[in-house]
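Worksheet for the structure shown next.
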Amino acid sequence: MKTRNFHHWIQIILVSLWVGMLPGLAMAQESADEIMKKAHLASYYAGDDGRSTMAMLVYAKGAKKPLQKVFTMVKIDLEEGGNQRFFTYFLKPADIKKTTFLVHKYVDQDDYRRLYLPASDKVVPIAGSRKQDPFMGSDFSYEDVSGRHFTKDNHTLLGEESLTIQEKKAQKTYEVYALESIPKEEEPKIAKIRSWIDKATYTPLKVEFFNHDGKVFKVFEAHNIRDIGGFPTIMRRVMRSPLEGTRTVLLLDPKRTRYNVGVPQAAFTDRSLRNPPMKYLK
């Protein structure tokens, strides 16, 4: 009888402990979601709109000199953390000059992507199934350009730690949140994502993309973060593809990076693909 009572009380204690842990587990999940939301806002929603000219340096496997592509991108936020519009106009090299890329980014459906190729005078739709394809021959994907929305994944906070980033001339150490994200719907290329988010600014400093074989197939790093118009801005973005041996460096021009420049929603239409809104691209 005493043994039965003892086991009964042990069960009560264990159940009590488990119930007591539930609020903490819920808070941890909420915390992970909130961190990723803030990271997404910091990365893609600075200002109500924005414009930047960038040089994209694409390094082939074993190459010391990159292929350079220069473009200007403008964006507008239709709602904070929600739907957006992006428009990209290529300036260099000559063979892709005047190529344009339009994105209507949606939270609850596939993004609308259109690529205009002036050499053939064709508008090419980029289907949702191709969102992980290389963007203009780089290590960045089409989805990387406009951003993977944080609601597409289930997030887990792994902990807090220090992260050292090797800049060009020196190392820099940040205090970060480490998170793991699993796609809510199965995807052909991405099985999980690990992110390291700066605790001070919520800027994603490093992101690793894992394939279904458990291997890292892409690694993103943020270098040279500067304040522009009151917004922390990554001036040098590096995307490496370890399995391919390639990498791409994206350099923002600080003199041609601005927020809240007054880009209207009318600039982000199919018509703009062939007739770019040059007023907002200069």
(message) Lys279 - would you say it is without any contact (Cβ under 8 Å) to a residue 24 or more places away in the chain, assigned to a helix (DSSP H, G or I) and either more than 28 Å from Leu78 (Cβ to Cβ) or not small (Gly, Ala, Ser) (or both)?
(response) yes
(message) Of everything in the stretch 175-190, what is within 16 Å of the chain's Cα centre (by Cα) and among the acidic types (Asp, Glu)? Give them in sequence order.
(response) Glu180
(request) Note down all Cβ pairs under 6 Å where the first residue falls in the stretch 261-274 and is of a type in the set (Phe, Trp, Tyr), the second is crowded, with 20+ Cβ neighbours inside 10 Å, and they're at least six residues apart or on different chains. (result) Phe268/Arg85; Phe268/Phe87
(message) Exactly one of these conditions fails for Met239: (1) farther than 24 Å from Lys255 by Cβ; (2) in contact (Cβ under 8 Å) with a residue 40 or more places away in the chain. Give me its number.
(response) (1)
(message) Quick check on the stretch 241-261: of everything there that is under 24 Å from Leu115 (Cα atoms) and exposed (fewer than 14 other Cβ atoms within 10 Å of the Cβ), which residue is nearest to the chain's Cα centre (by Cα)?
(response) Asp253
(message) Condition check: over 16 Å from the mean Cα position of the chain (by Cα) and either polar (S, T, N, Q) or at pLDDT below 95 (or both). Does Ile165 satisfy that?
(response) yes
(request) Could you give me the residue pairs with C-beta distances under 8 Å whose first residue belongs to the stretch 202-215 and is within 21 Å of Pro232 (Cα to Cα), whose second residue is buried (at least 19 other Cβ atoms within 10 Å of the Cβ) and of a type in the set (Asp, Glu) wherever it lies, and which are 6+ apart or on separate chains? (result) Pro204/Asp198; Leu205/Asp198; Leu205/Glu221; Lys206/Glu221
(message) Anything in the stretch 165-184 that is assigned to a loop (DSSP other than H, G, I, E, B) and either surrounded by 10 or more Cβ atoms within 10 Å (Cβ to Cβ) or in contact (Cβ under 8 Å) with a residue 24 or more places away in the chain (or both)? List them, or say none.
(response) Glu167, Lys168, Lys184
(message) If the requirement is being modelled with pLDDT under 95 and on the phi < 0 side of the Ramachandran plot, which of these qualifies: Lys192, Lys172, Lys206?
(response) Lys172
(message) Anything in the stretch 34-51 that is in a strand (DSSP E or B) and either in contact with a Phe, Trp or Tyr (Cβ under 6 Å, 6 or more places away or on another chain) or under 19 Å from Glu221 (Cα atoms) (or both)? List them, or say none.
(response) Gly50
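Residues checked against (1) within 12 Å of the chain's Cα centre (by Cα); (2) not polar (S, T, N, Q):
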| position | (1), (2) |
| --- | --- |
| Lys192 | no, yes |
| Ala200 | no, yes |
| Thr203 | yes, no |
| Glu208 | yes, yes |
| Asn211 | no, no |
| Lys215 | no, yes |
| Gly229 | no, yes |
| Ile234 | yes, yes |
| Arg237 | yes, yes |
(request) Quick one: in the stretch 84-118, of everything that is modelled with pLDDT of 95 or more and aliphatic (A, V, I, L, M), which residue is farthest from Val263 (Cα to Cα)? (result) Ala94
(message) Anything in the stretch 18-61 that is among the aromatic types (Phe, Trp, Tyr) and at pLDDT 95 or above? List them, or say none.
(response) Tyr44, Tyr45, Tyr59
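The values are calculated or read from the model by the stated rules, or taken from the named source; none is laboratory data. Given the structure is predicted, the values throughout are model-derived calculations rather than measurements. Glycine also receives a Cβ, built like all others from the backbone with ideal geometry; neighbour counts cover every protein chain displayed.
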